[in-house]
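Since every read-out is calculated from the coordinates, none of them should be taken as a lab result. As the structure is a computational prediction, the values presented were derived from the model and not from experiment. Positions of Cβ are generated from backbone atoms using ideal geometry, with glycine treated the same way; all protein chains shown enter the neighbour counts.
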Amino acid sequence: MTEDHHIFTDGSKIGNRVGAAFVHYANKQEITKSQYRLTDHNTVYMAEVVAIHKATDYILDHELNDVKIVSDSRSALMTVESLSDNREFIWQIKKMLKDREDIKLMWVRAHKGEMGNERADLLAKEAFNRDLIDVQFTYTKVQIRNINNKKKSLFGKLEGKGRFLYVNVTKVMKYYILINTDIANDFIVSTHCNIYAVILIS
């Protein structure tokens, strides 16, 4: 009897935490699951792509045939199927899928009661509670530009204000300060009386 393989993938983000997961069903029975935590600056879209990448890798490692990879992310599926997108991580998926016409990419509408999709969604949400980071990426060009713009804005506000300065900093700015090593080397960030104390030390 020919096995009916479906691998459902999903990505999720709550707050700053990002998770991805896939679950493999054969003849409607759950066979295995895998969960991955991504670095916190990543997007849901990237988590969706990671899930598809990991699912494809799993298919090849286990020499499965006639498999459907099912995702509720149209954008992730379109990216993988795009002829023009040659980003490294996307290219890796395309390379794995090359000459594998028996592996089909399918879209399913999210949160419509599809058991596999709901299961993958739950696993992705659980994944960002993992202590260790499983998948790390450098920042995208857009993220780097945004960080640098925030940095320039902060330096502009501090210019000529003296060696020590206390300013109100939003959570977003605090996040950028803590994740950017250039800024972290220039400032000490602490909390006092509900105000972030930014102390210029260079």
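Out of A20, A55, report the one residue that is outside any strand (DSSP E or B) and small (G, A, S). Steps first, please.
Numbers: A20 fails: outside any strand (DSSP E or B).
Result: A55 is the single residue among A20, A55 that is outside any strand (DSSP E or B) and small (G, A, S).
Filter the range 23-50 for residues that are hydrophobic (A, V, I, L, M, F, W, C) and under 15 Å from L64 (Cα atoms); which is surrounded by the most Cβ atoms within 10 Å (Cβ to Cβ)?
V23
Identify, from the list E3, E63, E30, E48, the residue that is closer than 21 Å to I133 by Cβ and acidic (D, E). So that I can check it myself, show each step before the final result.
Numbers: E3 fails: closer than 21 Å to I133 by Cβ; E63 fails: closer than 21 Å to I133 by Cβ; E30 fails: closer than 21 Å to I133 by Cβ.
Exactly one residue qualifies, and that residue is E48.
Tell me the residue from K28, K68 that is among the basic types (K, R), touching a residue at least 24 places away in the same chain (Cβ under 8 Å) and on the phi < 0 side of the Ramachandran plot, please. Write out each step before concluding.
Numbers: K28 fails: on the phi < 0 side of the Ramachandran plot.
Exactly one of K28, K68 is among the basic types (K, R), touching a residue at least 24 places away in the same chain (Cβ under 8 Å) and on the phi < 0 side of the Ramachandran plot, namely K68.
For a quick check of your reading of the model, give me the residue pairs whose first member lies in the range 108-123 and is in contact (Cβ under 8 Å) with a residue 24 or more places away in the chain and of a type in the set (G, A, S), whose second is in a helix (DSSP H, G or I) and surrounded by fewer than 18 Cβ atoms within 10 Å (Cβ to Cβ), with beta-carbon atoms closer than 7 Å and at least 6 apart or on different chains.
The qualifying pairs do not exist here.
Considering only residues of the range 51-63 that are of a type in the set (A, V, I, L, M, F, W, C) and surrounded by fewer than 24 Cβ atoms within 10 Å (Cβ to Cβ), which is nearest to M106 (Cα to Cα)? Before you say what the answer is, go through the steps one by one.
In the first step, residues of the range 51-63 are kept if they are of a type in the set (A, V, I, L, M, F, W, C); the result is 51-52, 55, 59-60.
Narrowing the set further to residues that are surrounded by fewer than 24 Cβ atoms within 10 Å (Cβ to Cβ) leaves 59-60.
On the way: I59: 15, L60: 18 Å.
Per the stated criteria, the residue is I59.
Taking the range 18-62 as the region of interest, how many residues are under 15 Å from A127 (Cα atoms) and among the acidic types (D, E)?
2
Taking the range 64-79 as the region of interest, how many residues are surrounded by fewer than 20 Cβ atoms within 10 Å (Cβ to Cβ) and within 23 Å of Y25 (Cα to Cα)?
Qualifying residue count for the region: 5.
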